Amino acid sequence: MKVLIFTAYPWLNISTPLIESVQYFLKNNWEVIHFGIIHPGVDQHGHKKLEIESQNYKFITLGDTIKFRSNIKKILYSIFFFFKFRRISKNSNLILSFDPGSLYLSFAWLVFGRCRNRIYHSLEISNHKTRTFLLEKFVSSFTNLLLTQDKTRGRILRVILNYKSKIVVIPNSTSGEPIFTKKSFFHETLGIPIDKKILLMTGTIDEFTGSDLFLSLVPYLPKNWVAVIHGWTPSEKTKSKLNEIKNINPSRLYISSALVENRDKFDIFSSVDACFVYFKPDDLNLKYALYSAGKLFDSAKTGVSVVVNQIPGARTLINKYRLGYLLKGPEIISEILEKIADNKVNENSIMFYRENEFSKNYNFFLNEYCYLTKE
């Protein structure tokens, strides 16, 4: 079996859906041909291409993010690339395009190729009020399956893309067994007293992911809790706010900038007691982003409780799985954190992870919706 994968964004090495998809295919003895646009070199956040050593995996660089800023250029060049790489990409069983840019890169394969399984894996909901969106709407019509993170996002994508084919939910989760062993990564690297429990904010640190609200929690933390921020901060304004609060509360707020390889990310989640999950609902993508949050599933895999702001789906998630708490305001964070038991695995989080484990759901998807006989 052979799968063609297309990507056009630079953060390949931390893209969980991409990494999990590639690893799934390799574990099941597929040949993986990965066509990608990458950042020239390694950027300041450590983003780079995938480092996968397998005779069944081949990464082919089509250019860099500077050369291919134009979406029309991606489409036009896809025709050139299609004929250039026609021999190694023939007889593919599946075409998998991640996000709009990758969709444009794969355009020629979608139109001229003979593969029956043409899949668009949507990671974000694009702004449907722009002219650019019309291009995504047009090219996605040449696919026959769309993958998204939950049913609500699927319903939104069906309407705004006017998508006529099948939409399937694939959780933004990882594969493998839950992790029960607790670690002390932050206690060791940041010198946090071992008796302190940790509330973590990780990923992109900015206003739209709740940096302002997270900083407002610091004065309300119980005495045996500290706050840790671990990730990348693209905004200088946000960096300034972090440093300001850090200077006021040096023993209650810790900032980590240590880069951790994706394979070691569970050392992070296994070292905390609760994880902050927040999206500012400024647009459709952020308003319905809860199930697109990798940190939600990574916390669940390690049995860590989550603290979630009240965006659509949050109340249902908390009531159904009991894997954490809704944060209605900074003043109740002390009450919430005092309910979290010392150094204990949240079994409800583990149950949620088992239900949403990637490989189980992906295997069901392929068997249920794809034609996988050799062409």
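The values are calculated or read from the model by the stated rules, or taken from the named source; none is laboratory data. Because the structure is a prediction, the values reported are computed rather than measured. Don't worry about glycine lacking a Cβ; one is built from the backbone with ideal geometry, like all the others, and counts go over all protein chains shown.
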Please indicate, with yes or no, whether at least one residue in the stretch 79-91 is surrounded by fewer than 21 Cβ atoms within 10 Å (Cβ to Cβ), of a type outside the set (A, V, I, L, M), modelled with pLDDT under 95 and assigned to a loop (DSSP other than H, G, I, E, B). yes
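Which members of the stretch 268-308 meet the condition of being acidic (Asp, Glu), out of contact with any Leu (no Cβ under 9 Å at 6 or more places or on another chain) and within 22 Å of Glu355 (Cα to Cα)? Please lay out each step first, then the result.
Pass one, the stretch 268-308, residues acidic (Asp, Glu): 273, 282-283, 298.
Next, from what is left, pick out any that are out of contact with any Leu (no Cβ under 9 Å at 6 or more places or on another chain): 282-283, 298.
Residue satisfying the conditions is Asp298 alone.
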Considering only residues of the stretch 191-231 that are among the polar types (S, T, N, Q) and assigned to a helix (DSSP H, G or I), which is farthest from the chain's Cα centre (by Cα)? Ser216
What's the number of the only condition in (1) within 25 Å of Leu296 (Cα to Cα); (2) touching a strand residue (DSSP E or B) at 6+ places or on another chain (Cβ under 8 Å); (3) of a type in the set (Phe, Trp, Tyr) that Trp11 fails to meet? (2)
Can you work out which of the residues in the stretch 107-137 that are farther than 17 Å from Asn285 by Cβ and of a type in the set (Val, Ile, Thr) is surrounded by the most Cβ atoms within 10 Å (Cβ to Cβ)? Ile119
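Listed residues Leu286, Leu200, Leu290, Leu213; which is within 22 Å of Leu323 (Cβ to Cβ), at pLDDT 95 or above, in the same structural domain as Ile340 (by TED's automatic domain parsing) and touching a strand residue (DSSP E or B) at 6+ places or on another chain (Cβ under 6 Å)? Full working, then the answer.
Working: Leu286 fails: touching a strand residue (DSSP E or B) at 6+ places or on another chain (Cβ under 6 Å); Leu290 fails: touching a strand residue (DSSP E or B) at 6+ places or on another chain (Cβ under 6 Å); Leu213 fails: touching a strand residue (DSSP E or B) at 6+ places or on another chain (Cβ under 6 Å).
After ruling out the rest, the residue left standing is Leu200.
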Just give me the residues in the stretch 176-203 being surrounded by 17 or more Cβ atoms within 10 Å (Cβ to Cβ) and polar (S, T, N, Q), in sequence order. Thr202
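Give Ile336, Ile350, Ile318, Ile311 a once-over and let me know the one that is assigned to a loop (DSSP other than H, G, I, E, B), farther than 17 Å from Ile205 by Cβ, in the same structural domain as Leu213 (by TED's automatic domain parsing) and not aromatic (Phe, Trp, Tyr). First the steps, then the outcome.
Numbers: Ile336 fails: assigned to a loop (DSSP other than H, G, I, E, B); Ile350 fails: assigned to a loop (DSSP other than H, G, I, E, B); Ile318 fails: assigned to a loop (DSSP other than H, G, I, E, B).
Only one candidate qualifies: Ile311.
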Residue, surrounded by the most Cβ atoms within 10 Å (Cβ to Cβ), within the stretch 44-69, restricted to residues that are modelled with pLDDT of 85 or more and hydroxyl-bearing (Ser, Thr, Tyr): Tyr57
